[in-house]
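A.B. asks: The following block contains the structure, expressed as structure tokens.
The values are calculated or read from the model by the stated rules, or taken from the named source; none is laboratory data. Computed from a prediction, not measured in an experiment: that's the story for all the values here. Every residue, glycine as well, gets a Cβ built from its backbone with ideal geometry; the counts of neighbours run over all protein chains shown. The area values use the complete protein model at the heavy-atom level, side chains included, leaving out ligands, DNA and RNA. Shrake-Rupley method; radii C 1.70, N 1.55, O 1.52, S 1.80 Å.
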Amino acid sequence: MAFQHNDTYHPFPDGFCADKFWDWQSTWYTSDPYFTDCFESTALVWVPCGYLWAMLPFQIYHIGSRSFNIKQWTWNSLLKITFCLLLALLSGMDMFAVVYYWIEHGRNSMPPSSLVAAIVKLATFLLSALIIFADKKRARASSGILFFFWFFMLFSAIIILRSQIRIAGEEGLGLKSFHFATGVISIILIVVQLCISCVSERFPTSTATEKNPCPEQFASFLSEMTFTWFSPMAYLGWKRPLQDDDLWTLLPGDRTKHQIDILEKNWLAEMERMHRTIRENAETKSGKKAYQPSLLRALLKSYWFPLLMSALLRIFNDLSIFVTPQVLRLMIDFVEDKSQPAWKGYFYAGLMLLGSCAQTLILNQYLHMCLRLGMHIRGSIVAIVYRKSLRISSSAKRSSNIGEMVNLMSVDAQRFMEFMAYVQMLWSGPVQMGLSIYFLYDLLGVPVFAGLGTLLVVFFANAFLVGKSRSLQIVQMKEKDGRIKMMSEILNGIKVLKLYAWEKSFQQQVTDIRERELTTLRKAAYLGALGYFSWILSPFLVAIATFSTYILSSPANILNPQRAFVALSLLNILRVPLTLLPSAITMATQAAISLKRLTKFLQNEELDPEAVQALPSNDPLSVQVNNGTFCWGHDEPVCLSNVNIDVKQGQLVAVVGQVGAGKSSLCSALLGLMEKRSGDVAIKGNVAYVPQQAWIQNLTLRENILFGNEMDKERYQKTLDACSLRTDLEMLSGGDETEIGERGTNLSGGQKQRVSLARAVYSNADVYILDDPLSAVDAHVGKHIFENVIGPNGVLKNKTRILVTHGIGFLPQTDLIIVLSGGTVSEVGTYRTLLRNRGAFSDFLRTYLTEDSDALADDITDEIIKEQILEEIGIPVSALGSRSSVDPNLARSMSVISSASVRKVRHTLRRDSKRQSNAIEMQKLDGPERSKAAEKGKLVEAEKIETGSVKWAVYMMLAKQMSYSAALGVTLFYGLSYGSSIGANFWLSEWAKDADVPSLATDVEQRNYRLGIYALLGLLQGLFALVSSFTLAYGRIRASRLSQEGMLHRIMRAPMAFFDSTPLGRIVNRFSKDVDSIDTTIPATLEIWIYCLYSVLSILIVISVNTPPFMIVLLPLIIFYYFMQRYFIATSRQLKRLEAVTRSPIFSHFQESVTGNSVIVATKQSQRFIRDNEQRVDKNNATYYPNIASQRWIAVRFEVVGIIVTFSAAILAVLGREYPGLGIDAEQVGMSISYALSLSQILNWFVRMTSDLESNVVSVERIKEYSEIEIEAEWIKESSRPPPNWPGEGKIEFQGYKTRYRPELDLVLKGVDAQVSAGEKIGIVGRTGAGKSSLTLALFRIIEAAEGSIIIDGLNIADLGLHDVRSRITILPQEPVLFSGTLRLNLDPFGKFTDQEVWLALENSHLSRFVRALPEGLNQTVADGGENYSVGQRQLICLARALLRKTKILVLDEATAAIDLETDALIQATISEKFADCTILTIAHRINTIMDSTRIMVLDQGKVKEFATPEKLLSDESGVFYSLAKAANVLPTASASVNPDDENERL
């Protein structure tokens, strides 16, 4: 066929070129195509050169954004610049050659276009040399712009050279011989340039500071496009399991600090806009609604550029997808039309190859960019939630509990990251669908609208399902928050649960929450199954609607191969957005919910940074409060009102008052932790804070004391001495390098408090706020600490100290006393002034001195002070009874406190303590010795990382949890679904053949028969998919229930040793992220994996059946695929494991930070903790980023397999036409290529899903690990249940009892033999490490016997179930632990007692009046950890628990160690009255509390050294107890001196 008037095209003036610009006859309608000389000298030169000039602004931007200034030269740069100059020289020679020809042979000898081409090339090659130099100077490893320039130039040069060779063969070169020579040399140089551009520059100075720099930053452009820079890690991961040291350092732009600064800046701008509108509305008194800050807007402002770039890449990808169906259309025409020249078939095959290659590179760069962006957003969200958690106000903490915050950081941040891979699909999917419909319309006409109508029906049906799913997602996340919160509390209080035998009740609470969560998940799963059914069926429904409308609308409409298979390829393209769009919408829904939750949290009220002002350095005052009124929140009542305090620099100020007077609130107000309603607070200098309940980090003891400060050995040694920590270090296995467990699990209460105090002392602050730190230590140790740390001669003597205390003996030495009463400052003055005023201070003294005369003093000195105070305030000494060890005559002689007597008392209390001579050698160790000590002191075990492939046992565990029948059903029905799909397409192929037979093509009955079978097969495909989806939904819910249930069962039954050595965050991570993987991620991944598996199999089967020669190509491709997959998965799997392991420390650190928030904020250490958090996130991202790179690395390689398959199918189609003996017809070509076109993408999905499945199954592996941990003995042994009233008497007998904490450790009790009679009151004393606490733990079987037995009322407790033992013994623990929920739940979690019994217990524990005053009484909410109750109130609640249980055996484990004296008095009085007929074992804290015991058991080094009455023990001056009593100064004749380290001789 010949063109008429438009056979040629020429846009240039006559004479500019030697011939026309374009000639269809020479380029297309010929068996030997070539371009015109004009086209070659203009378009083929101008286009690549113009591309480089057009890209110049982008090149300048990239160069300008880098700060390096490299002066050294590399061989790579020199070679590239040299070759550029040579190419410029050749172009210059071409230019002069043209001028020479013009001079010698006239202007007509060479067209001007040749001169212009030479000039353009000369200028462009010089520009390329400048670009290379600039790249070198700015340390750019490679330039993509130059790579494409050289590629385009090479392509053009080869075409030009081919034309010159053709001309030379036909006519001879003539005048063009010189140009031919320069052209050949130029091609050689351009090939070399292209090769060199594939090799990156290496600039060591740019990465000199990095330990293991990421190779991406010095990868060449080609390496970046194909992800070849990842190959070294892929090889290493295949060779051996990857380790932390193998991971690369994150690039600067990937680090959390860089990302969070951008996001926080934009979020703060949103918040400022809200505050501004609120102010404007208040000023104008308008009723306008305040601006609502949008986290989405802040995210878009922060990440608009990568979102824009990924959108552009997505556009290019979507356009490239539709090239291949159009080429397929041409290919089928070529196969049917035998007159077309063969080169067109190869040309079409080449177009398919190039189009597929471009699509592969663009798609993988797009996905890499999206996943990288997801990593940035996740890191930013984790960091911004962490930063917010440090600033959140106390009232806001009640609405945003720790469980919710953990979920925000784990689940919600993760969902944003996952959504980024699908975010562009929200618009790209509809665009792809629209383009598919457009091309289908072009192919089939109006009938395609029938398919479009079907698509809209399906779409709106799914929109309805998505809306329902969104509602369910909100409910499910709420339940998940509650479950994680409950698990966090259970893990925090696990020891208490075990001691009370409450595990079953709390396990049931978690199970109940989980069941509600699973009910929601089940509904969502069935909705998802319906959605999947509609989406899997939708391409077929569109096809059947379109084809049936097409053939039924007109008898002339016949379904031929071209229409059928081009339509099928378009429908396959349509299948991709139809498959991914539901996932994208679901993820968008989840992200929207997460966005709402995050926005709500980030809008929470913050601590006012201006609440505490800074006093000038020359101000005589250190602390000043003027008319201060404080509360815990907007809606909370005022806690402190009308507070006026002036504290001078260097003063020691005591804060005293009754329980609930507001002492701790005053400390919080001074630290800025309360809301200031009015007044001013100002402090001079830095602040150190010691909270009432010590906060200890999961670090070494040394790191806890240093608290981020530099090591000053002299100051450190002084701190250890002053805080009486020397002997503790000797006893700890690793000295000060001993790792302290979470919440200080391996330290006693006193040790924790002294470490907390040491942290403050070492900080060398200006102002010290000490919230009753001495209540948790023995009286004589408290005295030592007061004298050596807090008092007038202590290390802090020149510092300003505000001390909350109940220690009456310390008050005479203070410079000022602040008396609080009912939330107001009732009195302020010196000790003597307040005492003589006989006001609120006298009332306070009267309360404390009369309610517990024994607990106030443990030595002669305090007794003297007490007697003096009593006489002064008008209480006769005789009112206290006769138990005082002070000589009554001495006391009565001091009826008036004179100035002299006060001075004498102060002198007595200021005596220096004798220091022990032993010094710990640990402090002198350095280097390897310290490392060994640190290793020895290691407590928390590193998280276990599996290596190698995921074991089949893990998959079998998942299949078993789903049920084997469900797992088999899913596989079988999916197979049947895809079998129906293949059958439908083969049937369509046969149907298309009818078009070649006129009788069949017009046969209505035959047409209807074909249509009916095709519809039936499609319907079967959908039904089988529906059954499979419902089966998977059933299986996933079953697996979710059983996996969490099994892990919870084991965790609740795990021994305490497990919790001591396992960080809480690690366990919470199992219950949050890993359980979430089984709930949602694994089922979704499994469904897509099965889809991909059957899709790949169906494609290979179809191509092999239609084109049998393809089997020759298939076998090596399968082998390549198999080995590459194994090669890749080994690396990907281990990276996923490392990523999971590095995730736990983020949450552990977060929970630790939230617990110690007051200390962090008070000491202004927030920035350091923020840095620590960001470093942990970066460490996690350092494992995640190689993982996403590995996915793209393998995707590129596997998509090459798909490209080879497509290209092979196209080449076989061409060969089939040329060689009819191969038996390949148009129908087979259409079907094979239409299937092959989708193989690249399906293979990409398949390997990604295989990797994701195996990576996510690691969660099953991790849950399996915790479902197989060692557990305690049975809770209930039905074969050996004790009588209902056991123990009826309370007799206890220890028979050669030995025990240890863990199998690998030494014995802590080394053969205890003792008998305790019914009703005896036994005091247990001994130095630290003697085995006191171990004895009580053994009684509750928290630790089991290594040898010997414990007999209670004739029954060996080892033969009974744990709950039968623990529920029949009552303990009042040292640390009062409450759980969130109601007050009644904390008293009676099993609901065994009536309200009347509960109220009676509260009455007897002195809480009845307080509880009745609460708005909801017994149903009053308890905040996390009982934070809305004071420590004293918490301990009284624990006493109420004990009163409810009222067993025959009561254990007091230093129960009054950390509480004030008033609460101590109440507890002691109640125990004496209500447990009079019970056996009581008391681990002594204050020695006088056990002096009225029936007998005292003295333990030393795990053995009973003495066991007799107090009188008998005190009569033996050589005995251990006598020495302890003497050291504690409780003997009438004992020396008043105090041993400085007697905390380690504590009782």
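A.B. asks: Among the charged types (D, E, K, R), buried (at least 19 other Cβ atoms within 10 Å of the Cβ) and within 30 Å of residue 1167 (Cβ to Cβ) - does that describe any residue in region 313-320?
C.D. replies: The answer is no, given that none of the residues of region 313-320 is among the charged types (D, E, K, R), buried (at least 19 other Cβ atoms within 10 Å of the Cβ) and within 30 Å of residue 1167 (Cβ to Cβ).
A.B. asks: Restricting to region 1253-1284, name every residue that is in a helix (DSSP H, G or I), charged (D, E, K, R) and open to solvent by less than 30 Å² (accessible area, probe 1.4 Å).
C.D. replies: 1254, 1261, 1262
A.B. asks: Considering each of 1095, 1061 in turn, give the residue that is out of contact with any helix residue (DSSP H, G or I) (no Cβ under 9 Å at 6 or more places or on another chain) and touching a residue at least 12 places away in the same chain (Cβ under 8 Å).
C.D. replies: Going through 1095, 1061 in turn, the sole match is 1061.
A.B. asks: Tell me the residue from 664, 668, 594, 622 that is open to solvent by less than 60 Å² (accessible area, probe 1.4 Å), assigned to a strand (DSSP E or B) and among the polar types (S, T, N, Q), please.
C.D. replies: 622
A.B. asks: Collect the residues in region 1150-1167 that are open to solvent by 10 Å² or more (accessible area, probe 1.4 Å) and more than 20 Å from residue 1063 (Cβ to Cβ), keeping them in residue-number order.
C.D. replies: 1158, 1161, 1163, 1164, 1165, 1166, 1167, listed by residue number.
A.B. asks: Right, next: With crowded, with 22+ Cβ neighbours inside 10 Å, at pLDDT below 85 and either outside any loop (DSSP other than H, G, I, E, B) or under 49 Å from the mean Cα position of the chain (by Cα) (or both) as the only criterion, which of 864, 818, 802, 769 stands out?
C.D. replies: Being crowded, with 22+ Cβ neighbours inside 10 Å, at pLDDT below 85 and either outside any loop (DSSP other than H, G, I, E, B) or under 49 Å from the mean Cα position of the chain (by Cα) (or both) holds for just one of 864, 818, 802, 769, which is 864.
A.B. asks: Given 60, 103, 81, which one is β-branched (Val, Ile, Thr), assigned to a helix (DSSP H, G or I) and surrounded by 15 or more Cβ atoms within 10 Å (Cβ to Cβ)?
C.D. replies: None of the others qualify; the one that does is 81.
A.B. asks: I've got another one for you. Looking at this structure, is residue 372 among the charged types (D, E, K, R), over 14 Å from residue 317 (Cβ atoms), open to solvent by 40 Å² or more (accessible area, probe 1.4 Å) and in a helix (DSSP H, G or I)?
C.D. replies: Yes.
A.B. asks: May I ask you to say which residue of 522, 514 is open to solvent by 40 Å² or more (accessible area, probe 1.4 Å), under 29 Å from residue 595 (Cβ atoms) and either in contact (Cβ under 8 Å) with a residue 24 or more places away in the chain or assigned to a helix (DSSP H, G or I) (or both)?
C.D. replies: 522
A.B. asks: What residue, among those in region 1082-1136 that are closer than 30 Å to residue 1038 by Cβ and among the β-branched types (Val, Ile, Thr), is modelled with the lowest pLDDT?
C.D. replies: It comes out as 1129.
A.B. asks: Could you please tell me which pairs satisfy a Cβ distance under 8 Å, a separation of 6+ or placement on different chains, a first residue in region 1134-1162 that is without any contact (Cβ under 8 Å) to a residue 12 or more places away in the chain, and a second residue that is surrounded by 22 or more Cβ atoms within 10 Å (Cβ to Cβ) and assigned to a helix (DSSP H, G or I)?
C.D. replies: Between residues of region 1134-1162 that are without any contact (Cβ under 8 Å) to a residue 12 or more places away in the chain and residues that are surrounded by 22 or more Cβ atoms within 10 Å (Cβ to Cβ) and assigned to a helix (DSSP H, G or I), there is no close pair.
A.B. asks: A further question on this structure: Give 1082, 1051, 1088, 1078 a once-over and let me know the one that is assigned to a helix (DSSP H, G or I), out of contact with any Cys (no Cβ under 9 Å at 6 or more places or on another chain) and open to solvent by 10 Å² or more (accessible area, probe 1.4 Å).
C.D. replies: Of the residues listed, the single one that is assigned to a helix (DSSP H, G or I), out of contact with any Cys (no Cβ under 9 Å at 6 or more places or on another chain) and open to solvent by 10 Å² or more (accessible area, probe 1.4 Å) is 1088.
A.B. asks: Kindly indicate whether any position in region 648-657 is more than 21 Å from residue 810 (Cβ to Cβ), at pLDDT below 90 and either more than 37 Å from the chain's Cα centre (by Cα) or surrounded by 20 or more Cβ atoms within 10 Å (Cβ to Cβ) (or both).
C.D. replies: There is no residue in region 648-657 that is more than 21 Å from residue 810 (Cβ to Cβ), at pLDDT below 90 and either more than 37 Å from the chain's Cα centre (by Cα) or surrounded by 20 or more Cβ atoms within 10 Å (Cβ to Cβ) (or both).
A.B. asks: Here's a check for you: in region 337-362, which residue that is assigned to a helix (DSSP H, G or I), open to solvent by 10 Å² or more (accessible area, probe 1.4 Å) and touching a Lys or Arg at 6+ places or on another chain (Cβ under 9 Å) is nearest to residue 438 (Cα to Cα)?
C.D. replies: Among residues in region 337-362 that are assigned to a helix (DSSP H, G or I), open to solvent by 10 Å² or more (accessible area, probe 1.4 Å) and touching a Lys or Arg at 6+ places or on another chain (Cβ under 9 Å), the one nearest to residue 438 (Cα to Cα) is 362.
A.B. asks: Would a scan of region 987-1002 turn up a residue that is open to solvent by less than 30 Å² (accessible area, probe 1.4 Å) and either charged (D, E, K, R) or in contact with a Cys (Cβ under 8 Å, 6 or more places away or on another chain) (or both)?
C.D. replies: Looking for residues that are open to solvent by less than 30 Å² (accessible area, probe 1.4 Å) and either charged (D, E, K, R) or in contact with a Cys (Cβ under 8 Å, 6 or more places away or on another chain) (or both), one finds at least one in region 987-1002, hence yes.
A.B. asks: So, of the residues in region 821-844 that are in a loop (DSSP other than H, G, I, E, B) and in contact with a Leu (Cβ under 7 Å, 6 or more places away or on another chain), which turns out to be nearest to residue 793 (Cα to Cα)?
C.D. replies: 830
A.B. asks: Oh, and also: With 1368, 1341 as the choices, which residue is part of a loop (DSSP other than H, G, I, E, B) and touching a helix residue (DSSP H, G or I) at 6+ places or on another chain (Cβ under 6 Å)?
C.D. replies: So the residue among 1368, 1341 that is part of a loop (DSSP other than H, G, I, E, B) and touching a helix residue (DSSP H, G or I) at 6+ places or on another chain (Cβ under 6 Å) is 1341.
A.B. asks: Also: If we scan region 131-147, do we find a residue that is under 26 Å from residue 33 (Cβ atoms) and surrounded by 15 or more Cβ atoms within 10 Å (Cβ to Cβ)?
C.D. replies: No, because not a single residue in region 131-147 is under 26 Å from residue 33 (Cβ atoms) and surrounded by 15 or more Cβ atoms within 10 Å (Cβ to Cβ).
A.B. asks: Next question, about the same structure. Just to be sure before I move on: is residue 977 under 29 Å from residue 549 (Cα atoms) and buried (at least 16 other Cβ atoms within 10 Å of the Cβ) in the structure I sent?
C.D. replies: The answer is yes for residue 977.
A.B. asks: Next question, about the same structure. Under 9 Å by Cβ, and 6 or more places apart or on different chains, what pairs join a residue from region 743-762 that is closer than 17 Å to residue 1332 by Cα and part of a loop (DSSP other than H, G, I, E, B) with one that is modelled with pLDDT of 85 or more and aromatic (Phe, Trp, Tyr)?
C.D. replies: Between residues of region 743-762 that are closer than 17 Å to residue 1332 by Cα and part of a loop (DSSP other than H, G, I, E, B) and residues that are modelled with pLDDT of 85 or more and aromatic (Phe, Trp, Tyr), the close pairs are 745/1059.
A.B. asks: Right, another one. Under 20 Å from residue 323 (Cβ atoms) and part of a helix (DSSP H, G or I), is that true of residue 1213?
C.D. replies: Yes.
A.B. asks: Next question. On the basis of being surrounded by 20 or more Cβ atoms within 10 Å (Cβ to Cβ) and assigned to a loop (DSSP other than H, G, I, E, B), does residue 698 make the cut?
C.D. replies: Answer is yes for this residue.
A.B. asks: On to the next question. Name the residue that is farthest from residue 497 (Cα to Cα), counting only residues in region 1386-1429 that are among the acidic types (Asp, Glu) and assigned to a loop (DSSP other than H, G, I, E, B).
C.D. replies: 1416
A.B. asks: Is it the case that region 709-726 has a residue that's part of a strand (DSSP E or B), modelled with pLDDT under 90 and either more than 33 Å from the chain's Cα centre (by Cα) or more than 19 Å from residue 801 (Cβ to Cβ) (or both)?
C.D. replies: Checking region 709-726: not a single residue is part of a strand (DSSP E or B), modelled with pLDDT under 90 and either more than 33 Å from the chain's Cα centre (by Cα) or more than 19 Å from residue 801 (Cβ to Cβ) (or both).
A.B. asks: Step by step: first the residues of region 322-336, then only those that are buried (at least 18 other Cβ atoms within 10 Å of the Cβ) and among the β-branched types (Val, Ile, Thr), then the one that is farthest from residue 29 (Cα to Cα). Which residue is that?
C.D. replies: By that ranking, first place goes to 324.
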